[in-house]
Amino acid sequence: MRGSGTSWAAAGAGLVAALALGYAEFALPRQQLISDYALVPGGALPVLVGMLGLAFGCVILAYGMAAREPARTAATRLLLLAAGAGLMLSAVFPTDPGGAAISTLPGEIHRWSSAVVFTSLPVAGWALARGRTPAPRWSWVRSLSVTSALTLAVYLAAHPASITSPLIGGSAYYGLLERALVLAEIVLLATMAVAAARTRIAAGSPAVRLSPDMSPSDEAPGGPRDRVAA
């Protein structure tokens, strides 16, 4: 499966992840952080499905981009694969229980792999949309990338491990910020997938046709305009 089919599969994976994590949020006893649901009875499966669903979405989206824009999306694909790997590690290695300070190897792996995920996706979205035509789909990708990055910054400032947390009372609401960050990045991934699905460019294609909302910047390197310019 290549082309737009992979993008729609990635969008579907984001929806599955949202539903799985939403089930944990509303059907199980409330926990401080989303990762903590994996430690309560009945919570391991929805958290595992949510994380692995997002990982699949990242990997399959990167695979599809390689078919359409192999040169232009190289950085985006690398970041998506890093996020996918981080999600897999986060699913395999649980966080430490009870909101306690991280003191175990699995807890450390979970913390740093989550950091890779939260950082990689906003940068991947921005890299994908950078220099594109101002079509609505790319504007949404840019906006969600910035929203995710800003939410991540506030979350890190509010986290109890941060020196700024006592100054802003972060311990009271950093769990809510984490949920907002996860939701923003799920929506970002789905939006990237939809935008990529509408980019009709195939690697090695002898001709590139522009859709009405595409600009010459959406052409693949070496396209007809580049050959004329050469």
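The values are calculated or read from the model by the stated rules, or taken from the named source; none is laboratory data. As the structure is a prediction and not an experimental result, all values here were calculated from the model. For neighbour counting, all protein chains shown are included, and Cβ atoms are generated from backbone atoms with ideal geometry for every residue, glycine included.
Applying the condition of being in contact with a Ser or Thr (Cβ under 7 Å, 6 or more places away or on another chain) and either among the aromatic types (Phe, Trp, Tyr) or within 24 Å of Leu177 (Cα to Cα) (or both) to the stretch 48-80 and asking which residue is surrounded by the fewest Cβ atoms within 10 Å (Cβ to Cβ) yields Tyr63.
Among the residues of the stretch 76-97, just one is touching a residue at least 40 places away in the same chain (Cβ under 8 Å) and more than 21 Å from the chain's Cα centre (by Cα), namely Pro97. Is there a residue in the stretch 123-132 that is without any contact (Cβ under 8 Å) to a residue 40 or more places away in the chain, in contact with a Phe, Trp or Tyr (Cβ under 8 Å, 6 or more places away or on another chain) and crowded, with 17+ Cβ neighbours inside 10 Å? No, because not a single residue in the stretch 123-132 is without any contact (Cβ under 8 Å) to a residue 40 or more places away in the chain, in contact with a Phe, Trp or Tyr (Cβ under 8 Å, 6 or more places away or on another chain) and crowded, with 17+ Cβ neighbours inside 10 Å.
How about the stretch 132-204: which helices (runs of 4 or more DSSP H) wholly inside it have at least 2 residues that are out of contact with any Leu (no Cβ under 8 Å at 6 or more places or on another chain) and modelled with pLDDT of 95 or more?
Values: elements: 136-158, 165-168, 174-197.
In the stretch 132-204, the matching helices (runs of 4 or more DSSP H) lie at 136-158, 174-197.
Restricting the first member to the stretch 101-120 and to residues that are over 21 Å from Ala75 (Cβ atoms), and the second to residues that are surrounded by fewer than 18 Cβ atoms within 10 Å (Cβ to Cβ) and of a type in the set (Asp, Glu), the beta-carbon pairs closer than 7 Å and six or more apart or on different chains are Ile102/Glu108.
Residues that are in contact with a Pro (Cβ under 6 Å, 6 or more places away or on another chain) and modelled with pLDDT of 95 or more are absent from the stretch 91-113.
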